[in-house]
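These notes are about the structure you will find just below.
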Amino acid sequence: MLLLAAAGLVAFVLLLYMVSPLISPKPLALPGAHVVVTGGSSGIGKCIAIECFKQGAFITLVARNEDKLLQAKKEIEKHSINDKQVVLCISVDVSQDYNQVENVIKQAQEKLGPVDMLVNCAGMSLSGKFEELEVSTFEKLMSVNYLGSVYPSRAVISTMKERRVGRIVFVSSQAGQLGLFGYTAYSSSKFAIRGLAEALQMEVKPYNVYVTVAYPPDTDTPGLAEENKTKPLETRLISETTSICKPEQVAKQIVKDAIQGNFNSSIGSDGYMLSSLTCGMAPVTSITEGLQQVVTMGLFRIIALFYLGSFDNIVRRCMAQKAKPETVDKTA
């Protein structure tokens, strides 16, 4: 009886693997495609642009700093696979004025054609204790990380729906899957992206437009180096429980998932576990993906409880350590 049940389970899983490609979206062909990358002058954004360029795409880089854009353009052009490829640079703050962003996207489309894939990579991180962060910090991060993704997406969505083809990528963070000490402002802005992406995917799926949300861990970028200058001790110690990824590794995975139309894009075993744990009512691209989430969620929740316990211990130890000098002063 057990043997029969095992055989039935194996047959069921094989059937799912066979059926999944039939319901999964058709991969996006990057050769000749127009890819727009916001925040593309450095870090993950630049590496995504390079990865797409290597596969034959035309690139529009959008960022604030003109000098960094031109430097990134030179780096990307070294990876061309034919002499027709173009890298267009546009300097604009994608979080400030929607009309300005819309005009920029129109300019890019006039020069390189309709946008086939938009990668929202513009963002920033500021950490600190909730009561010590300025209220303006919450406003700034919501503006840059959330509205900086809303505006470019709003500017390309109508054309994608009309053409019935397109990919929109939102680069969130593992801090957009779980809240951590010191990230009350940052996590909020990254969690918001998840809600936007889920709702948008339901709207655009009938038009063959697919949304991908990427949840990279700490990645070796200029942004991380800047954040580490003011990161609280507790946040730093929690961050050190996982290794730092290379931006090239993160970029390759994001591009791969976006091409396939996968809703979730995660890096490494920790990323896979977090995506399964936090899947909730998120869309799935295949029956297989949904089955994997159902099977693994219970086990991953047990593992997560140990992680949460260790994070709480880090916070308590830091609190006790900070309290010691005060005790010594009172005794003296």
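The values are calculated or read from the model by the stated rules, or taken from the named source; none is laboratory data. Predicted model only: the values in this text are computed from it and were never measured. Here the Cβ positions follow ideal geometry from the backbone for every residue, glycine too, while neighbour counts run over all protein chains shown. Remember, those area values only see protein heavy atoms, side chains included, never the ligands or the DNA or RNA. Shrake-Rupley method; radii C 1.70, N 1.55, O 1.52, S 1.80 Å.
At-a-glance table
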{"quantity": "When residues of the range 189-209 are limited to those that are assigned to a helix (DSSP H, G or I) and β-branched (Val, Ile, Thr), the one farthest from Met124 (Cα to Cα)", "calculated": "Val204"}
{"quantity": "Counted residues, the range 55-69 - those being surrounded by 14 or more Cβ atoms within 10 Å (Cβ to Cβ) and without any contact (Cβ under 8 Å) to a residue 24 or more places away in the chain", "calculated": "0"}
{"quantity": "Selection status of Val150, out of contact with any Pro (no Cβ under 7 Å at 6 or more places or on another chain) and either surrounded by fewer than 24 Cβ atoms within 10 Å (Cβ to Cβ) or among the acidic types (Asp, Glu) (or both)", "calculated": "yes"}
{"quantity": "Looking only at the range 178-204, and only at residues there that are in contact with a Gly (Cβ under 9 Å, 6 or more places away or on another chain) and farther than 14 Å from Gly128 by Cα, the one that is surrounded by the fewest Cβ atoms within 10 Å (Cβ to Cβ)", "calculated": "Glu198"}
{"quantity": "Filter result for Tyr207 (surrounded by fewer than 24 Cβ atoms within 10 Å (Cβ to Cβ) and touching a helix residue (DSSP H, G or I) at 6+ places or on another chain (Cβ under 7 Å))", "calculated": "yes"}
{"quantity": "Selection within the range 110-125 - open to solvent by 40 Å² or more (accessible area, probe 1.4 Å) and aliphatic (A, V, I, L, M)", "calculated": "Met124"}
{"quantity": "Inter-residue pairs, beta-carbon under 7 Å, first modelled with pLDDT of 95 or more and in the range 309-324, second open to solvent by 80 Å² or more (accessible area, probe 1.4 Å) and outside any helix (DSSP H, G or I), 6+ apart", "calculated": "none"}
{"quantity": "Where Tyr183 falls short, out of the listed (1) modelled with pLDDT of 95 or more; (2) among the hydroxyl-bearing types (Ser, Thr, Tyr); (3) within 14 Å of the chain's Cα centre (by Cα)", "calculated": "(3)"}
{"quantity": "Residue in the range 126-138 that is closer than 27 Å to Gly176 by Cα, open to solvent by 60 Å² or more (accessible area, probe 1.4 Å), free of Cβ contacts under 8 Å to residues at least 24 places away in the same chain and not in a loop (DSSP other than H, G, I, E, B) present", "calculated": "yes"}
{"quantity": "Set Ala49, Ala33: member being surrounded by 24 or more Cβ atoms within 10 Å (Cβ to Cβ) and either touching a residue at least 12 places away in the same chain (Cβ under 8 Å) or over 26 Å from Ser173 (Cβ atoms) (or both)", "calculated": "Ala49"}
